[in-house]
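Quick notes on the structure that follows.
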């Protein structure tokens, strides 16, 4: 009976993984960021370079150079395969891996795996690297993060997760400092960024980027609170309840991992929830803390390599906490529809089978121009330069 039960869960994991891969790999180029990716591909593969040519990290450009000879869609399929294999390995660390993949995709399917494909690879490599980190295999973890940084440089912030292994005290200081900084930034973003611009050396990438954000109408600090904020509040409450339960029952498989978990959660709350409310572009840094949010919330649902679930004999089979966790992730699916440009993209999503005659580079150039025209009419023309 138990063997059959476990087999069914494994089958569910494989099915969810396959469906996720097919959806990502077989989607006709969609979203907005793909325009910049296609411009990059067009120059590297076809030598059709233009003034707005965009360069990316070497790991991504290596994939473009090697796989792009088979066409732009081949890059999408190859990256989708990379991602799903890495996510699958992470999901295997949980009793119900299908739930873990579903939860990740409810949060990030559109924003990361369809749009920010470079960061998608970096994020997936981080997922794969969490087991070596849990085991204390620091060299392997560092190598994996360095590899991930060749796809998106922001993942280097994940070196913070090594600190708890060497100093719990410093780790706690950094964790709570992140929360404090997130709160201060939320209250005084303009002043903090102006101060940073003044102390950074002129002409550096960091200085120029900060000045661009401050002077840009689209990216300058501005309060962004909508109906989705309620989900953020619910998430914080779920995290607090889960952390209290973990502390009370002490079912950790590793003591130092408790502090890595706390650091990851604080990173997510600081950037994705607090700082992101003032500068949505900064939300992406917080994404690297989300795997630890998943681990935290799952500790009340079932067993994982990281934590043994606390199961009370008197507790109902499906507790209110578990129900709220599941509903939280399902409600996240609605979130992309809140934004006009994402809503348009999702409602007009097509597969490559619907566009078999439009996969050549000429057709994709035309599609990119048409998308820019549509974005401009909607007031989002600046997205064409991302």
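Quick note: the coordinates plus some simple rules give every number you see, no bench work behind them. Bear in mind the structure is a predicted one, so any value in this text is a computation, not a measurement. For neighbour counting, all protein chains shown are included, and Cβ atoms are generated from backbone atoms with ideal geometry for every residue, glycine included.
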Quick one: grab the alpha carbon gyration tensor of the stretch 78-162, order the square roots of its eigenvalues as a ≥ b ≥ c, and give me rounded if a/c is under 1.5, else prolate or oblate depending on whether a/b is larger than b/c. oblate
Listed residues 339, 72, 219; largest mean-square fluctuation, Gaussian network over the chain with Cα springs below 10 Å, found at 339
On full extension of the chain, what length is gained from residue 334 through residue 70, given 0.36 nm per residue of separation minus the C-alpha to C-alpha distance? 91.5 nm
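When a/c reaches 1.5 or more, the comparison of a/b and b/c decides; with that in mind, is the stretch 1-91 rounded, prolate or oblate per its Cα gyration tensor? Before the final figure, lay out each step's value.
On the way: a/c = 3.59, a/b = 3.01, b/c = 1.19.
Note, shape of the stretch 1-91 comes out prolate.
When you count, for each residue, the other Cβ atoms within 10 Å and take the mean per peptide, how do 82-88, 343-349 rank with the highest first?
Details: 82-88: 20.4, 343-349: 14.1.
Descending mean neighbour count gives 82-88, 343-349.
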What percentage of all Cα-Cα pairs in the chain are separated by more than 26 Å? 56
Taking the chain as the reference, fit the longest principal axis to its C-alpha atoms, fit the long axis of helix 97-108 to the helix C-alpha atoms, and give the angle between the two in degrees, 0 to 90, nearest 10. 50
Relative to the first principal axis of the alpha-carbon coordinates of the chain, what is the inclination of helix 58-67, with its axis defined by its Cα atoms, in degrees from 0 to 90 and to the nearest 10? 70
Output the 0 to 90 degree angle, nearest 10, between the alpha-carbon long axis of helix 168-187 and the longest principal axis computed from the alpha carbons of the chain. 50
The stretch 146-171 and the stretch 65-122 have their Cα centres apart by a whole-number Å value of 21
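With the cut-off at 1.5 for a/c, could you classify the stretch 239-287 from its C-alpha gyration tensor as rounded, prolate or oblate?
Numbers: a/c = 4.93, a/b = 2.38, b/c = 2.07.
It comes out prolate by the Cα gyration axes.
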